[in-house]
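Read through the structure below, which is laid out as structure tokens, and then see the notes.
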Amino acid sequence: MNLKRFLFITLFLILLNSASLVAQQNIIKFSQKITPKFSIKLFGGMGYILKGGDLKEWFRSETEYFNWLNGQPNYKAQSDYQFTHTTPEINLEASINLIPRFSLGIGIGYLAKSWKQSSSVTYDYKDTLGTDTLNHSIEIKSNIIPLTLTGNFLIPVRNILDINVMAGAGYYISTFKFADEGSHSWPNSPGRQDYKYTSSSTLEAKSGKLGFHFGGGTEIKLFSNISLTIDALYRLVKFDEIKGETKWKESIIWTDHSEQYSGTTKDQALWYGTYRLNGNIYHRAIFNETEPSWLENVRPFEFKLDSLIWRIGIKVGF
């Protein structure tokens, strides 16, 4: 080995060792600067369901059906099938900052929503048979618990103001309850004077689905470790394969006669499909163990909780 090559290798090793020492010192300094910070955020707000999926379409179709029936001879029909969009919710989130301006939060929330619908149909025979009346009501309740993981990135604007950009995913645990009541009365029914039939059923179903959310907001510092947060989020989640157990009872009464029935039906699934009547196509949701054969285009019912959410809360840092 000549002297020139020896000097070159020696210089290279010295430079490599120096670079390694500098890198180690920088890593040590950087790690010393990182101090994990924790925070807890409690907030509440109002969501606006954008689509509603099959539930909204079913309500719209029922309204169309009863409006059509009300125009038929001898019929008088009315209904109240309104899909309301707003739903309140609350959330709690615990976050950790491992690097400046970025935090990872684990959250839990709760939101509840209910819809009450009703319909009434009366047929007038215009003779001694009198009138025949059917009434129906349904109440649908949903209770949803989101378990979320969210990344938050803060962009400083002023000393007391930050812009927050966020995105994440969540697992949504839901419980649906369908309470159904119906009655049929025909006082002048042939051979069954003062006929009256009543029924009620309650189905509870559970579903869990993965969803996603993203949005942004502001953090306004009130004190050194307390901030006011204002957020707007867009959430995407869809529930399907809604299955559960139905408890039901029936009563049939007329003069000198009475029958009572009750029971429990397991493994009920919520199906969705269409049917044709006088050239019109209507939508229907129904619980059944298997696909109902009298409906067309049958598939599992889908409820879309895609929503816009506005929230306000308090963030406390530690």
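If only residues of the stretch 270-318 that are within 18 Å of the chain's Cα centre (by Cα) and not in a strand (DSSP E or B) are counted, the one that is surrounded by the fewest Cβ atoms within 10 Å (Cβ to Cβ) is ASP306.
Looking across ILE144, ILE108, ILE140, one residue alone is surrounded by 18 or more Cβ atoms within 10 Å (Cβ to Cβ), of a type in the set (A, V, I, L, M, F, W, C), over 28 Å from ASN74 (Cα atoms) and in contact with a Leu (Cβ under 6 Å, 6 or more places away or on another chain). It is ILE144. Name every residue in the stretch 185-212 that is surrounded by 15 or more Cβ atoms within 10 Å (Cβ to Cβ), among the polar types (S, T, N, Q) and modelled with pLDDT of 90 or more, in order of residue number. Matches in the stretch 185-212: SER185, ASN188, SER189, THR198, SER199, SER200, SER201, THR202.
Of the residues examined, GLY215 is not one that is modelled with pLDDT under 95, of a type outside the set (Asp, Glu) and under 30 Å from ASN91 (Cα atoms).
Does the stretch 75-113 hold any residues that are of a type outside the set (Val, Ile, Thr) and not in a strand (DSSP E or B), and which are they? Correct list: TYR81, GLN82, PHE83, HIS85, PRO100, ARG101. When the stretch 70-99 is limited to residues that are at pLDDT below 95 and of a type in the set (A, V, I, L, M), the one that is surrounded by the most Cβ atoms within 10 Å (Cβ to Cβ) turns out to be ILE96.
A Cβ distance below 9 Å, combined with a sequence gap of six or more or placement on separate chains, defines the contacts here; from the stretch 189-212, residues that are of a type in the set (Lys, Arg) reach residues that are surrounded by 16 or more Cβ atoms within 10 Å (Cβ to Cβ) and not in a strand (DSSP E or B) in the pairs LYS206/ILE242; LYS209/VAL237; LYS209/ASP240; LYS209/LEU305.
Name the single residue that is nearest to the chain's Cα centre (by Cα) among those in the stretch 150-162 being assigned to a strand (DSSP E or B) and loosely packed, with under 15 Cβ neighbours inside 10 Å. Of everything passing the filter in the stretch 150-162, PHE153 is nearest to the chain's Cα centre (by Cα).
SER227 - would you say it is buried (at least 16 other Cβ atoms within 10 Å of the Cβ), over 30 Å from LYS266 (Cα atoms) and either over 18 Å from the mean Cα position of the chain (by Cα) or among the acidic types (Asp, Glu) (or both)?
Details: buried (at least 16 other Cβ atoms within 10 Å of the Cβ): yes; over 30 Å from LYS266 (Cα atoms): yes; either over 18 Å from the mean Cα position of the chain (by Cα) or among the acidic types (Asp, Glu) (or both): yes.
It is true that SER227 is buried (at least 16 other Cβ atoms within 10 Å of the Cβ), over 30 Å from LYS266 (Cα atoms) and either over 18 Å from the mean Cα position of the chain (by Cα) or among the acidic types (Asp, Glu) (or both).
LEU104: touching a residue at least 40 places away in the same chain (Cβ under 8 Å), touching a strand residue (DSSP E or B) at 6+ places or on another chain (Cβ under 7 Å), farther than 22 Å from LEU233 by Cβ and not polar (S, T, N, Q), yes or no? No; evaluated as a whole, the condition is false for this residue.
The values are calculated or read from the model by the stated rules, or taken from the named source; none is laboratory data. Since the model is a prediction, treat every value here as computed from it, not as a measurement. Note that we place each Cβ from the backbone using ideal geometry, even for glycine, and neighbour counts take in every protein chain shown.
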